[in-house]
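The values are calculated or read from the model by the stated rules, or taken from the named source; none is laboratory data. These numbers were taken from a predicted model, which means no experiment stands behind them. We place every Cβ from the backbone using ideal geometry, glycine too, and count neighbours over all the protein chains shown. To get the accessible areas, we keep the full protein, side chains included, count just its heavy atoms, and leave off ligands, DNA and RNA. Shrake-Rupley method; radii C 1.70, N 1.55, O 1.52, S 1.80 Å.
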Amino acid sequence: MTVPIAKLSFWGVRGSTPTVDPATWRYGGNTPCLELIAPDGTKIILDCGTGLRMLGSRWAAPNGGKAHGTHILVTHYHWDHIQGIPFFSPLYVENNEFHFYSFRSKFLGRDSLKQVFEAQMALPYFPVDMSAMSARRKFKEVDGGDSFTVGENKITARWLNHPQGCLGFRIETPAGTVAYATDNEPGDAKMDESLRELAAGADIFINDAQFTPEQLETTRKGWGHSSWLEGVKVARHAGAKTLVLFHHDPDSTDRMVDSILRQAREEFDSVFAASEGMVITLGAPGDPVQAHMPGTRTALRREAQFHAKVCGVTEGGKDFEEETVVRDISLQGALISLKHLPRLQSELQVTMEAPGSDGVQSMNLRGYVVRIDEGPEKGHVAVGVVFTD
Ligand SMILES: [Zn+2]
Ligand SMILES: [Zn+2]
(Lines give C-alpha, C1' and ligand atoms only; values in the text may rest on other atoms or scores of the structure.)
(Ligands and ions follow the chains in the order given, each with its own letter.)
Protein backbone atom coordinates (compact mmCIF):
# COMPACT_ATOMS: atom_id res chain seq x y z
CA MET A 1 0.00 0.00 0.00
CA THR A 2 1.35 3.42 -0.85
CA VAL A 3 1.27 6.17 1.74
CA PRO A 4 -0.96 9.11 0.79
CA ILE A 5 1.06 12.34 0.52
CA ALA A 6 -0.10 15.94 0.80
CA LYS A 7 2.16 18.84 -0.14
CA LEU A 8 1.81 22.29 1.37
CA SER A 9 3.76 25.14 -0.29
CA PHE A 10 4.18 28.65 1.07
CA TRP A 11 4.08 31.35 -1.66
CA GLY A 12 3.51 34.35 0.61
CA VAL A 13 3.97 34.61 4.37
CA ARG A 14 4.13 38.36 5.13
CA GLY A 15 1.23 40.17 6.77
CA SER A 16 -0.43 43.51 6.05
CA THR A 17 1.66 44.70 3.07
CA PRO A 18 4.40 43.27 0.88
CA THR A 19 7.99 44.12 1.76
CA VAL A 20 11.00 44.50 -0.53
CA ASP A 21 13.42 45.55 2.17
CA PRO A 22 16.58 43.38 1.88
CA ALA A 23 16.35 42.83 5.64
CA THR A 24 13.17 40.77 5.01
CA TRP A 25 14.41 38.70 2.03
CA ARG A 26 15.12 35.50 3.88
CA TYR A 27 11.56 34.91 5.13
CA GLY A 28 10.13 36.70 2.09
CA GLY A 29 8.01 39.74 1.39
CA ASN A 30 4.92 38.44 -0.42
CA THR A 31 1.56 38.50 1.37
CA PRO A 32 -0.40 35.31 2.25
CA CYS A 33 -0.82 32.57 -0.30
CA LEU A 34 -0.50 28.82 0.30
CA GLU A 35 -1.00 25.88 -2.02
CA LEU A 36 -2.11 22.49 -0.75
CA ILE A 37 -2.07 19.47 -3.03
CA ALA A 38 -4.08 16.68 -1.43
CA PRO A 39 -3.32 12.98 -2.01
CA ASP A 40 -6.27 12.70 -4.46
CA GLY A 41 -4.75 15.51 -6.57
CA THR A 42 -7.22 18.16 -5.36
CA LYS A 43 -5.55 21.58 -5.49
CA ILE A 44 -6.46 24.09 -2.83
CA ILE A 45 -5.17 27.66 -2.65
CA LEU A 46 -5.42 29.45 0.68
CA ASP A 47 -5.66 33.23 0.28
CA CYS A 48 -4.80 35.41 -2.69
CA GLY A 49 -2.05 37.72 -1.42
CA THR A 50 0.81 38.80 -3.68
CA GLY A 51 2.37 35.32 -3.42
CA LEU A 52 -0.39 34.18 -5.80
CA ARG A 53 1.38 35.83 -8.75
CA MET A 54 4.40 33.58 -8.30
CA LEU A 55 2.21 30.49 -8.03
CA GLY A 56 0.54 31.51 -11.33
CA SER A 57 3.94 31.90 -13.02
CA ARG A 58 4.94 28.49 -11.76
CA TRP A 59 1.87 26.89 -13.33
CA ALA A 60 2.62 28.63 -16.62
CA ALA A 61 6.09 27.07 -16.75
CA PRO A 62 6.58 23.76 -18.61
CA ASN A 63 5.75 20.89 -16.24
CA GLY A 64 4.60 23.49 -13.78
CA GLY A 65 1.33 21.72 -13.09
CA LYS A 66 -2.21 22.44 -14.20
CA ALA A 67 -4.54 25.11 -12.96
CA HIS A 68 -7.74 23.31 -13.91
CA GLY A 69 -10.39 22.86 -11.26
CA THR A 70 -8.56 24.55 -8.43
CA HIS A 71 -10.38 25.44 -5.19
CA ILE A 72 -9.50 28.83 -3.72
CA LEU A 73 -10.36 29.64 -0.10
CA VAL A 74 -10.27 33.33 0.82
CA THR A 75 -10.17 34.06 4.56
CA HIS A 76 -11.25 37.73 4.33
CA TYR A 77 -11.08 40.84 2.17
CA HIS A 78 -8.19 42.83 3.61
CA TRP A 79 -5.74 43.90 0.89
CA ASP A 80 -2.98 41.50 1.89
CA HIS A 81 -5.29 38.51 1.22
CA ILE A 82 -6.72 39.56 -2.17
CA GLN A 83 -4.09 41.70 -3.84
CA GLY A 84 -2.66 38.89 -5.96
CA ILE A 85 -5.95 38.20 -7.80
CA PRO A 86 -5.51 40.59 -10.77
CA PHE A 87 -1.93 39.30 -11.24
CA PHE A 88 -2.78 35.58 -11.24
CA SER A 89 -2.18 34.70 -14.89
CA PRO A 90 -4.22 31.43 -14.96
CA LEU A 91 -7.35 33.59 -14.55
CA TYR A 92 -6.75 34.96 -18.05
CA VAL A 93 -6.63 31.51 -19.68
CA GLU A 94 -9.78 30.15 -21.29
CA ASN A 95 -10.85 26.67 -20.15
CA ASN A 96 -9.31 27.14 -16.72
CA GLU A 97 -11.86 26.81 -13.96
CA PHE A 98 -11.71 28.07 -10.39
CA HIS A 99 -13.98 27.52 -7.42
CA PHE A 100 -13.80 30.39 -4.96
CA TYR A 101 -15.03 30.13 -1.35
CA SER A 102 -15.45 33.08 1.00
CA PHE A 103 -17.99 34.68 3.32
CA ARG A 104 -20.74 37.23 2.78
CA SER A 105 -19.40 40.50 4.14
CA LYS A 106 -21.95 42.73 5.82
CA PHE A 107 -20.26 45.66 4.07
CA LEU A 108 -20.71 44.14 0.61
CA GLY A 109 -23.70 41.81 0.84
CA ARG A 110 -24.40 39.12 -1.75
CA ASP A 111 -21.56 37.90 -3.97
CA SER A 112 -18.98 39.62 -1.79
CA LEU A 113 -15.93 38.08 -3.43
CA LYS A 114 -17.28 38.70 -6.93
CA GLN A 115 -17.69 42.34 -5.99
CA VAL A 116 -14.14 42.42 -4.66
CA PHE A 117 -12.90 41.17 -8.06
CA GLU A 118 -14.85 43.86 -9.86
CA ALA A 119 -13.78 46.63 -7.50
CA GLN A 120 -10.12 45.65 -7.74
CA MET A 121 -10.22 45.73 -11.53
CA ALA A 122 -12.43 48.79 -11.89
CA LEU A 123 -11.02 51.67 -13.89
CA PRO A 124 -8.77 53.56 -13.11
CA TYR A 125 -7.25 51.08 -10.64
CA PHE A 126 -6.22 48.44 -13.18
CA PRO A 127 -5.46 48.61 -16.94
CA VAL A 128 -7.94 45.92 -18.08
CA ASP A 129 -11.41 45.17 -16.79
CA MET A 130 -13.05 41.89 -15.79
CA SER A 131 -13.89 40.92 -19.39
CA ALA A 132 -10.20 40.09 -19.88
CA MET A 133 -10.48 37.30 -17.32
CA SER A 134 -11.58 34.42 -19.49
CA ALA A 135 -11.25 31.57 -16.99
CA ARG A 136 -14.50 30.20 -15.55
CA ARG A 137 -15.04 31.35 -11.99
CA LYS A 138 -17.55 29.91 -9.59
CA PHE A 139 -18.25 31.53 -6.25
CA LYS A 140 -19.54 29.81 -3.14
CA GLU A 141 -20.52 31.49 0.09
CA VAL A 142 -19.18 29.90 3.26
CA ASP A 143 -20.21 30.73 6.81
CA GLY A 144 -18.39 30.04 10.08
CA GLY A 145 -19.44 26.53 11.17
CA ASP A 146 -19.87 25.21 7.62
CA SER A 147 -18.26 21.97 6.53
CA PHE A 148 -18.01 20.67 2.98
CA THR A 149 -16.00 18.14 1.05
CA VAL A 150 -13.80 18.62 -1.98
CA GLY A 151 -12.68 15.31 -3.45
CA GLU A 152 -11.61 13.14 -0.51
CA ASN A 153 -10.95 16.17 1.69
CA LYS A 154 -13.12 17.68 4.36
CA ILE A 155 -13.00 21.44 4.86
CA THR A 156 -14.40 23.17 7.94
CA ALA A 157 -14.68 26.95 8.35
CA ARG A 158 -14.78 28.83 11.68
CA TRP A 159 -14.98 32.52 12.53
CA LEU A 160 -11.85 34.11 13.93
CA ASN A 161 -11.54 37.31 15.94
CA HIS A 162 -10.46 39.96 13.40
CA PRO A 163 -11.81 43.39 12.35
CA GLN A 164 -14.61 42.94 9.73
CA GLY A 165 -14.41 39.15 10.17
CA CYS A 166 -12.08 36.40 9.04
CA LEU A 167 -12.53 32.68 8.48
CA GLY A 168 -10.09 30.02 9.58
CA PHE A 169 -10.05 26.72 7.66
CA ARG A 170 -9.37 23.17 8.74
CA ILE A 171 -8.57 20.80 5.88
CA GLU A 172 -8.62 17.09 6.62
CA THR A 173 -6.89 15.03 3.94
CA PRO A 174 -6.13 11.28 4.01
CA ALA A 175 -2.47 12.27 4.58
CA GLY A 176 -3.18 14.51 7.56
CA THR A 177 -4.86 17.68 8.73
CA VAL A 178 -3.86 21.29 8.07
CA ALA A 179 -5.40 24.14 10.09
CA TYR A 180 -4.97 27.57 8.54
CA ALA A 181 -5.70 30.34 11.05
CA THR A 182 -4.19 33.61 9.94
CA ASP A 183 -5.37 37.06 11.09
CA ASN A 184 -6.82 36.42 14.54
CA GLU A 185 -6.47 37.99 17.96
CA PRO A 186 -6.97 36.14 21.25
CA GLY A 187 -9.40 37.45 23.86
CA ASP A 188 -12.86 36.56 22.55
CA ALA A 189 -13.89 33.42 24.44
CA LYS A 190 -16.14 32.04 21.69
CA MET A 191 -13.71 32.59 18.88
CA ASP A 192 -10.75 31.40 20.98
CA GLU A 193 -12.71 28.15 21.26
CA SER A 194 -13.26 28.10 17.47
CA LEU A 195 -9.52 28.45 16.98
CA ARG A 196 -8.85 25.47 19.26
CA GLU A 197 -11.47 23.45 17.35
CA LEU A 198 -9.72 24.23 14.06
CA ALA A 199 -6.35 23.22 15.54
CA ALA A 200 -7.55 20.10 17.40
CA GLY A 201 -5.00 17.34 16.76
CA ALA A 202 -3.91 19.01 13.51
CA ASP A 203 -0.65 17.81 11.97
CA ILE A 204 0.07 21.38 10.90
CA PHE A 205 -1.36 24.40 12.68
CA ILE A 206 -0.60 27.67 10.89
CA ASN A 207 -1.26 30.62 13.18
CA ASP A 208 -0.92 34.40 13.07
CA ALA A 209 2.35 35.38 14.78
CA GLN A 210 2.56 38.99 13.65
CA PHE A 211 3.36 40.62 16.97
CA THR A 212 5.55 39.92 19.97
CA PRO A 213 3.69 38.99 23.18
CA GLU A 214 4.66 42.44 24.58
CA GLN A 215 3.25 44.30 21.55
CA LEU A 216 0.08 42.25 21.71
CA GLU A 217 -0.53 43.31 25.28
CA THR A 218 0.22 47.00 24.74
CA THR A 219 0.59 49.02 21.51
CA ARG A 220 -0.98 46.48 19.13
CA LYS A 221 -3.93 45.36 21.23
CA GLY A 222 -7.13 45.35 19.14
CA TRP A 223 -5.33 45.23 15.78
CA GLY A 224 -6.62 41.70 15.07
CA HIS A 225 -3.39 39.73 15.28
CA SER A 226 -1.63 37.25 17.54
CA SER A 227 1.81 36.22 18.79
CA TRP A 228 4.06 33.14 18.81
CA LEU A 229 3.21 32.62 22.50
CA GLU A 230 -0.54 32.48 21.85
CA GLY A 231 0.14 30.03 19.00
CA VAL A 232 2.14 27.80 21.37
CA LYS A 233 -0.66 27.90 23.96
CA VAL A 234 -3.33 26.93 21.42
CA ALA A 235 -1.12 24.24 19.86
CA ARG A 236 -0.52 22.69 23.31
CA HIS A 237 -4.15 22.91 24.38
CA ALA A 238 -5.49 21.55 21.09
CA GLY A 239 -2.83 18.87 20.70
CA ALA A 240 -1.56 20.20 17.36
CA LYS A 241 1.63 18.45 16.31
CA THR A 242 3.50 21.18 14.45
CA LEU A 243 3.09 24.93 14.78
CA VAL A 244 3.85 27.24 11.85
CA LEU A 245 4.36 30.91 12.72
CA PHE A 246 2.76 32.98 9.95
CA HIS A 247 1.79 36.52 8.81
CA HIS A 248 5.10 38.14 9.80
CA ASP A 249 4.90 41.85 10.49
CA PRO A 250 6.18 44.02 7.59
CA ASP A 251 8.40 45.79 10.13
CA SER A 252 9.91 42.51 11.35
CA THR A 253 13.36 41.97 9.86
CA ASP A 254 14.65 38.44 9.30
CA ARG A 255 16.60 38.72 12.55
CA MET A 256 13.46 39.65 14.43
CA VAL A 257 11.58 36.65 12.99
CA ASP A 258 14.61 34.49 13.91
CA SER A 259 14.29 35.66 17.49
CA ILE A 260 10.53 34.99 17.53
CA LEU A 261 11.19 31.49 16.16
CA ARG A 262 13.91 30.78 18.74
CA GLN A 263 11.62 31.74 21.61
CA ALA A 264 8.79 29.58 20.25
CA ARG A 265 11.18 26.63 19.77
CA GLU A 266 12.08 26.80 23.46
CA GLU A 267 8.42 26.34 24.36
CA PHE A 268 7.19 23.83 21.77
CA ASP A 269 8.80 20.76 20.18
CA SER A 270 7.98 21.23 16.53
CA VAL A 271 7.83 24.81 15.21
CA PHE A 272 8.57 26.39 11.85
CA ALA A 273 8.55 30.05 10.91
CA ALA A 274 6.79 30.20 7.54
CA SER A 275 9.16 31.32 4.83
CA GLU A 276 8.56 31.93 1.16
CA GLY A 277 9.36 28.82 -0.86
CA MET A 278 9.04 26.44 2.08
CA VAL A 279 7.31 23.13 1.35
CA ILE A 280 5.96 20.83 4.03
CA THR A 281 5.16 17.26 3.13
CA LEU A 282 2.55 15.32 5.05
CA GLY A 283 2.52 11.58 4.77
CA ALA A 284 3.72 8.63 6.77
CA PRO A 285 1.52 8.49 9.89
CA GLY A 286 3.35 9.07 13.16
CA ASP A 287 6.40 10.55 11.42
CA PRO A 288 7.44 14.05 12.47
CA VAL A 289 6.60 16.76 9.94
CA GLN A 290 9.52 17.77 7.72
CA ALA A 291 10.06 20.81 5.54
CA HIS A 292 12.33 21.68 2.67
CA MET A 293 13.26 24.57 0.40
CA PRO A 294 13.01 23.16 -3.11
CA GLY A 295 14.92 25.95 -4.80
CA THR A 296 11.95 28.00 -5.95
CA ARG A 297 14.18 30.96 -5.27
CA THR A 298 17.07 29.45 -7.19
CA ALA A 299 18.51 32.86 -8.02
CA LEU A 300 19.59 33.01 -4.41
CA ARG A 301 21.13 29.57 -4.36
CA ARG A 302 24.91 29.33 -4.65
CA GLU A 303 26.91 26.54 -6.19
CA ALA A 304 29.80 26.39 -3.83
CA GLN A 305 31.92 24.20 -1.65
CA PHE A 306 32.66 25.26 1.86
CA HIS A 307 34.59 23.32 4.43
CA ALA A 308 32.49 23.32 7.52
CA LYS A 309 32.50 22.18 11.09
CA VAL A 310 29.05 21.14 12.29
CA CYS A 311 28.06 20.80 15.95
CA GLY A 312 24.72 19.43 17.04
CA VAL A 313 22.78 16.81 18.94
CA THR A 314 22.11 13.29 17.68
CA GLU A 315 18.79 11.51 17.56
CA GLY A 316 19.92 9.72 20.74
CA GLY A 317 20.61 13.03 22.53
CA LYS A 318 24.45 12.99 22.32
CA ASP A 319 26.50 16.03 21.32
CA PHE A 320 28.52 15.62 18.13
CA GLU A 321 31.04 17.55 16.12
CA GLU A 322 31.84 16.71 12.53
CA GLU A 323 33.86 18.12 9.62
CA THR A 324 32.11 18.14 6.26
CA VAL A 325 31.77 19.99 2.98
CA VAL A 326 28.67 22.13 2.36
CA ARG A 327 27.75 22.11 -1.32
CA ASP A 328 24.22 23.40 -1.39
CA ILE A 329 23.64 26.70 0.33
CA SER A 330 21.06 29.46 -0.09
CA LEU A 331 20.01 32.57 1.72
CA GLN A 332 17.62 30.56 3.86
CA GLY A 333 19.48 27.38 4.59
CA ALA A 334 21.71 24.58 3.44
CA LEU A 335 21.73 20.89 2.67
CA ILE A 336 24.57 19.28 4.59
CA SER A 337 25.90 15.74 4.32
CA LEU A 338 26.65 14.23 7.73
CA LYS A 339 27.72 10.89 9.18
CA HIS A 340 25.89 11.65 12.43
CA LEU A 341 22.13 11.57 12.52
CA PRO A 342 20.93 14.80 14.14
CA ARG A 343 17.55 15.08 15.79
CA LEU A 344 14.80 16.72 13.72
CA GLN A 345 14.10 20.29 14.93
CA SER A 346 17.36 20.33 16.96
CA GLU A 347 19.83 23.20 16.66
CA LEU A 348 22.99 23.02 14.53
CA GLN A 349 26.05 25.28 14.64
CA VAL A 350 27.73 25.50 11.25
CA THR A 351 31.16 27.12 11.02
CA MET A 352 32.19 27.52 7.41
CA GLU A 353 35.47 28.58 5.93
CA ALA A 354 35.28 30.69 2.80
CA PRO A 355 38.05 32.38 0.86
CA GLY A 356 37.76 36.16 1.35
CA SER A 357 39.80 39.10 0.09
CA ASP A 358 42.32 38.73 2.88
CA GLY A 359 42.72 34.99 3.22
CA VAL A 360 40.30 32.43 4.58
CA GLN A 361 37.45 33.80 6.65
CA SER A 362 35.23 31.83 8.91
CA MET A 363 31.50 32.30 9.09
CA ASN A 364 29.36 31.15 12.00
CA LEU A 365 25.75 30.22 11.33
CA ARG A 366 23.11 28.87 13.63
CA GLY A 367 20.19 26.89 12.26
CA TYR A 368 17.77 24.10 13.02
CA VAL A 369 17.17 20.75 11.36
CA VAL A 370 14.03 20.73 9.19
CA ARG A 371 14.60 17.61 7.12
CA ILE A 372 16.62 14.40 7.07
CA ASP A 373 17.02 12.25 3.97
CA GLU A 374 19.26 9.41 2.93
CA GLY A 375 22.54 10.94 1.76
CA PRO A 376 24.12 10.55 -1.68
CA GLU A 377 27.17 8.95 -0.02
CA LYS A 378 26.90 5.65 1.82
CA GLY A 379 26.66 6.02 5.59
CA HIS A 380 25.70 9.69 5.33
CA VAL A 381 22.43 11.55 5.77
CA ALA A 382 21.46 14.70 3.89
CA VAL A 383 20.37 17.21 6.50
CA GLY A 384 18.22 20.22 5.58
CA VAL A 385 19.01 23.18 7.81
CA VAL A 386 17.20 26.50 8.00
CA PHE A 387 19.39 29.30 9.34
CA THR A 388 18.12 31.38 12.18
CA ASP A 389 21.01 33.85 12.20
ZN1 LIG B 1 -3.61 39.82 6.88
ZN1 LIG C 1 -6.72 41.09 8.02
Computed for segment 1-126: size of charge dipole around the Cα centre, +1 on C-beta of each Lys and Arg, -1 on C-beta of each Asp and Glu, debye to nearest 20, value 140 debye
Calculate the FRET efficiency for C311 and A23 from the Cβ-Cβ distance with a Förster distance of 30 Å, rounded to the nearest 0.05.
0.65
Charge dipole (the chain, unit charges on Cβ, about Cα centre) - positive-most of V244, P18, I85:
I85
For the pair E217 and D319, what calculated FRET efficiency results from E = 1/(1 + (r/R0)^6), where r is the Cβ-Cβ distance and R0 = 41 Å, to the nearest 0.05?
0.65
Need the full-extension length gain, Y125 to E353, defined as separation in residues times 0.36 nm minus the C-alpha distance. One decimal, nm.
77.0 nm
Percent antiparallel among DSSP beta bridges with both residues in the chain, to the nearest 5?
75 percent
Rounded, prolate or oblate: which fits the chain, taking a ≥ b ≥ c as square roots of the Cα gyration tensor eigenvalues, rounded meaning a/c under 1.5, else prolate when a/b beats b/c?
prolate
Figure the gain on full extension for E97 and R136 (residue separation times 0.36 nm, minus the Cα-Cα span) and round it to one decimal in nm.
13.6 nm
Among F88, F98, F320, whose mean-square fluctuation peaks in a Gaussian network model of the chain (Cα, cutoff 10 Å)?
F320
Work out how much length W79 to K154 would gain on full extension: take 0.36 nm times their residue separation and subtract the Cα-Cα distance, in nm to one decimal.
24.3 nm
Counting Lys and Arg as +1 and Asp and Glu as -1, each charge on the Cβ, what is the dipole of segment 256-376 about the Cα centre in debye, to the nearest 20?
220 debye
Helix 254-267 axis, angle to the chain major axis (alpha carbon atoms, nearest 10°):
80 degrees
Can you tell me how segment 59-183 classifies by the Cα gyration tensor, rounded, prolate or oblate, using a/c under 1.5 as the rounded cut?
oblate
In segment 217-276, the chymotrypsin sites (Phe, Trp or Tyr not before Pro) that sit in a DSSP loop and have at most 12 other Cβ atoms within 10 Å of their own Cβ are none
Sorted list, accessible surface of protein heavy atoms, 1.4 Å probe, largest first, for W25, W159, W11 is W25, W159, W11
Label-to-label distance, nm, for residues given as R236 and H380 (7 Å Cα→Cβ offset)
4.0 nm
Calculate the length of the line joining the C-alpha centroid of segment 1-40 to that of segment 81-145, in whole Å.
21 Å
Just need the relative contact order of segment 59-133 here, percent rounded to a whole number, with Cα pairs under 8 Å and 6+ apart.
29 percent
Which one, D40, D287, D192, has the greatest fluctuation when you compute a Gaussian network model over the chain with C-alpha springs under 10 angstrom?
D287
Which value at 222 nm does the chain reach when only helices count, each DSSP H run of 4 or more adding -39,500 (n - 2.57), with the total divided by all residues and rounded to the nearest 500 deg cm²/dmol?
-4500 deg cm²/dmol
Per the 1.4 Å probe, what fraction of the accessible area of the chain, in percent, lies on carbon and sulfur atoms?
51 percent
Of K241, K190, K140, which is the most mobile in a GNM of the chain whose springs link Cα atoms less than 10 angstrom apart?
K190
With the cut-off at 26 Å, tell me which of the pairs K106/K241; K106/K233; K43/K140; K7/K190 have Cα atoms farther apart than that.
K106/K241; K106/K233; K7/K190
Area accessible to solvent at L331, 1.4 Å probe radius, in Å²:
70 Å²
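Starting from segment 91-151, pick out the GluC sites (Glu not before Pro) whose DSSP state is loop and whose Cβ has at most 10 other Cβ atoms within 10 Å.
Filter output for segment 91-151: E94.
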Averaged per residue, the 1.4 Å probe accessible area of the chain, protein heavy atoms only, in Å², is roughly 45 Å²
Which one, A382, A38, L123, is farthest towards the positive end of the dipole of the chain when Lys and Arg carry +1 and Asp and Glu -1 on their Cβ?
L123
